[in-house]
Amino acid sequence: RRGGREAARGAAGQKQGTTEPEIEADGEAQAPPRAPAPAQGSGAAGGADVAAEEHTLPGVPPGEPEGGGLSRRVQIVGFCFVAFVLCNMDRVNLSIAMLPMSEEFGWNSSTQGLVQSSFFWGYLLTQVAGGVWADRMGGKVVLGFGVAWWSLATAMTPVAAKAGLAPLLVCRAAMGIGEGVAMPAMNTLLSRWVPRGERSRSLAFVYSGMFVGSITGLSLSPYLISSYGFSSVFFIFGSLGLLWGAAWYTTGSSTPQEDKRVSAAEREYIERDTPARKRASAIPWGALLSRREVWAIIVCHFCHNWGTFILLTWMPTYYADVLGFDLFESGFYSVLPWISMAIASNAAGYFADTQLIGRGVSVTTTRKIMQSVGFLVSSRATSCHHARVRWCNESVVRV
């Protein structure tokens with residue numbers, strides 16, 4: 001059948017003096033048009049014909065497995081998503097457990113703040129280092145190390161808390177060291193595995209794992225604590241991370257070139273739309289820090305983290321101490337922002353890929369639009385929430 005099509009194509013080329021450009025599955029003409037291949041290829045030419053034919057099978061999207069099932073890049077994205085779910089599950093469990101732990105150990109608000117902030121001591125140390133390590137050793141190694149490290153630290157948290165404040169602070173800082181490498185390692189993995197046309201939605205999906213993790217952790221923690229004590233959330237959530245690490249060790253890969261499970265068609269599809277990268281001999285810190293674009297990203301990330309981590313760390317305590325909610329009510333109302341984040345993140349990623357970048361809007365303009373909308377809407381919602389709480393408090397005083 002392939003020989004018949006090639007013979008017909010060759011005849012048409014001889015008749016017209018040229019060939020029509022091949023049309024990919026997404027409907028875009030590929031230039032320049034390829035010259036018609038002989039009906040019977042041999043050697044390298046024959047192998048190229050077979051690879052091209054495999055890549056353009058009717059009804060099979062580019063880079064998708066012919067026999068069905070999930071492509072390898074989708075599996076890698078899925079692993080990263082689950083890792084980020086676990087990341088925030090382990091991060092928020094202390095926010096709920098802080099209420100019974102403060103009662104048991106007699107912590108005041110200053111001690112609570114010290115315990116909550118100790119995580120970020122380690123988290124800050126490995127943000128840049130995680131990216132450097134991922135470039136040198138591969139995203140698989142660095143992400144796997146990070147998940148295993150922070151999962152062990154999570155499981156050890158109740159043991160450290162009972163040993164004293166200082167061991168607990170060290171344990172939480174160690175957990176931050178592990179979680180600090182997760183984001184740069186994930187970004188390195190996706191830059192190698194995901195073509196540019198799929199990157200916005202893939203990143204949005206992975207980042208939404210953090211929101212799903214917050215929802216899961218804040219929802220499950222009150223029930224686990226009330227039934228089995230505060231230690232249970234740390235033991236159970238930490239064990240899940242170790243299980244993930246075992247699966248990732250056996251099936252994950254840093255790049256398509258290293259992976260033994262990826263098909264030739266998918267590898268070709270990824271490489272064609274993923275820029276080749278050369279490892280730099282040294283990081284040009286001066287050149288990076290002299291660019292206003294870099295500082296714009298730094299300021300945006302600072303503002304985002306300021307709001308995100310205040311919500312993540314202090315919202316349950318705020319509901320309990322200021323509004324008088326119990327353990328279950330604090331967990332329930334703390335979940336709501338993360339539900340909206342999970343929905344908005346995936347919707348925004350899809351919208352950016354299909355309605356902005358897909359219609360010719362530049363990547364830079366798309367990022368500016370999405371970043372501005374996110375900040376303006378969230379800041380307005382926070383202002384309204386503050387005004388509402390102030391009105392409720394004044395009403396209570398008047399009554």
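Every read-out reported here was derived from the displayed coordinates using simple, explicitly stated rules and does not represent laboratory data. In this text the structure is predicted, and so the values were computed from the model without any measurement. In this analysis, Cβ positions are derived from the backbone assuming ideal geometry, glycine residues included, and neighbour counts consider all displayed protein chains.
Anisotropy class assigned to the stretch 234-315 is oblate, per the alpha carbon gyration tensor with a/c at or over the 1.5 cut-off and a/b no larger than b/c. Peptides 254-260, 165-171, ordered by how many other C-beta atoms sit within 10 Å of their residues on average, highest first, read 165-171, 254-260. Among residues other than Met210 with Cβ under 14 Å from its Cβ, the summed charge is -1 (Lys and Arg +1, Asp and Glu -1). Amide H to amide H, with H built 1.01 Å from N, Phe325 comes under 5 Å of Ala320, counting only residues 5 or more places away or on other chains. Per-residue Karplus couplings for the stretch 239-252, computed as 6.51 cos²θ - 1.76 cosθ + 1.60 with θ equal to phi - 60°, are listed in order as 5, 4, x, 5, 5, 4, x, 5, 5, 5, 4, 8, 10, x Hz, Gly and Pro entered as x.
The HN-Hα couplings worked out from phi for the stretch 200-215 by the Karplus form 6.51 cos²θ - 1.76 cosθ + 1.60 (θ = phi - 60°) are 4, 5, 5, 4, 4, 5, 5, 5, 5, x, 5, 5, 5, x, 5, 4 Hz, whole numbers, x standing for Gly and Pro. Residue separation of Trp295 and Leu376 scaled by 0.36 nm, minus their Cα-Cα distance, works out to 27.2 nm of gained length. The protection proxy used here, the mean number of other Cβ atoms lying within 10 Å of each residue, ranks peptides 263-271, 212-220, 124-132, 82-90 as follows, highest first: 82-90, 212-220, 263-271, 124-132.
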